[in-house]
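The values are calculated or read from the model by the stated rules, or taken from the named source; none is laboratory data. Just so it is clear, the model here is predicted, and its values are computed rather than measured. Cβ sites come from the backbone with ideal geometry, for glycine too, and all protein chains shown count toward neighbours.
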Ligand code: IPE
Ligand code: IPE
Ligand code: MG
């Protein structure tokens with residue numbers, strides 16, 4: 001990994017990276033294999049980016065693993081993905097914990113298999129006090145759902161709905177907004193990911209399919225990010 005990261009100390013490393021891991025199905029299709037094959041390869045890629053983020057000094061990594069809209073996929077694909085989440089989480093949790101990763105799941109998990117819900121809660125509890133990489137997995141997540149649940153909770157408490165108040169009730173209220181969004185798979189859309197939190201995020205949209213997104217692709221994303229001028233509506237520094 002490190003060999004692909006040029007001049008690491010000189011790079012402006014994003015504190016929070018968010019990733020739309022897209023393109024597993026097409027990757028499998030290119031190989032004349034079923035979509036399941038692509039999702040399995042996608043897990044390997046996810047494991048790789050967790051390690052690479054940790055090494056690069058990224059503090060928080062949010063991975064979009066399953067959107068609310070993904071419930072509309074064929075039931076066989078949905079249950080395959082649920083099974084893959086269960087197997088991956090069971091297999092990886094000990095080593096994530098050992099490496100100081102704090103894991104957290106965001107989304108509406110009500111319709112998830114009970115066993116998976118338990119695994120997710122246990123993993124969160126186990127790693128709660130860890131101070132290494134903060135790993136957020138968005139499953140059953142929708143950005144509109146997130147904003148709506150924040151607004152509902154303010155209404156319940158009889159509080160005015162201001163941007164700051166909504167902000168404080170989002171499911172990831174304690175993390176800074178993502179500095180860098182990576183979307184693989186070639187689409188130029190947010191697909192209802194962290195739509196509130198991405199207001200001023202730098203968007204790195206690449207054609208690479210998720211299973212092919214390797215350490216050098218991640219290094220390229222970090223270099224690209226380091227070259228951005230984040231103005232937030234202001235004029236450039238030197239003006
Ligand atoms: C992303 O890959 C993984 C999930 C949405 C779960 P896709 O399954 O969307 O792959 P493509 O976009 O069909 O290639
Ligand atoms: C976005 O990918 C969701 C995840 C990566 C989990 P999709 O493949 O579902 O997005 P669309 O349907 O192309 O917008
Ligand atoms: Mg897709």
Inset, instruction - Collect the residues in segment 48-71 that are under 23 Å from residue 34 (Cβ atoms), assigned to a helix (DSSP H, G or I) and touching a helix residue (DSSP H, G or I) at 6+ places or on another chain (Cβ under 9 Å), keeping them in residue-number order. - result: 48, 70, 71
Inset, instruction - Please verify whether segment 78-87 includes one or more residues that are touching a strand residue (DSSP E or B) at 6+ places or on another chain (Cβ under 8 Å) and either more than 13 Å from ligand 1 (Cβ to nearest atom) or outside any helix (DSSP H, G or I) (or both). - result: no
Inset, instruction - Among the residues of segment 27-43, write down those that are farther than 24 Å from residue 222 by Cα and within 20 Å of the chain's Cα centre (by Cα). - result: 38, 39, 40
Legend entry - Unmet criterion (only one of (1) under 30 Å from residue 131 (Cβ atoms); (2) surrounded by fewer than 21 Cβ atoms within 10 Å (Cβ to Cβ)) for residue 14: (2)
Legend entry - Among the residues listed as 170, 203, 175, the single one being in contact with a helix residue (DSSP H, G or I) (Cβ under 6 Å, 6 or more places away or on another chain) and closer than 26 Å to residue 103 by Cβ: 170
Legend entry - Leading residue by the ranking (farthest from residue 75 (Cα to Cα)) among those in segment 94-121 that are touching a helix residue (DSSP H, G or I) at 6+ places or on another chain (Cβ under 7 Å) and in a strand (DSSP E or B): 102
Legend entry - Flag for residue 184 being away from ligand 1 (no atom under 11 Å from the Cβ), closer than 23 Å to residue 33 by Cα and either at pLDDT below 95 or in contact with a helix residue (DSSP H, G or I) (Cβ under 6 Å, 6 or more places away or on another chain) (or both): no
Legend entry - Condition check for residue 46: modelled with pLDDT of 95 or more, more than 16 Å from ligand 2 (Cβ to nearest atom) and within 14 Å of the chain's Cα centre (by Cα): no
Inset, instruction - Go through segment 122-226 and tell me which helices (runs of 4 or more DSSP H), entirely inside it, have 3 or more residues that are touching a residue at least 60 places away in the same chain (Cβ under 8 Å) and more than 14 Å from ligand 2 (Cβ to nearest atom). - result: 215-226
Legend entry - Residue in segment 54-76 that is more than 13 Å from the chain's Cα centre (by Cα), over 23 Å from residue 219 (Cβ atoms), at pLDDT 95 or above and away from ligand 3 (no atom under 16 Å from the Cβ) present: yes
Inset, instruction - Looking only at segment 231-239, decide whether some residue is surrounded by fewer than 15 Cβ atoms within 10 Å (Cβ to Cβ), under 15 Å from the mean Cα position of the chain (by Cα) and closer than 30 Å to residue 131 by Cβ. - result: no
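The rows are residues; the columns are (1) over 20 Å from the mean Cα position of the chain (by Cα); (2) within 21 Å of residue 193 (Cα to Cα); (3) surrounded by fewer than 17 Cβ atoms within 10 Å (Cβ to Cβ).
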| residue | (1), (2), (3) |
| --- | --- |
| 105 | no, yes, no |
| 112 | no, yes, no |
| 133 | no, yes, no |
| 159 | yes, no, yes |
| 167 | no, yes, yes |
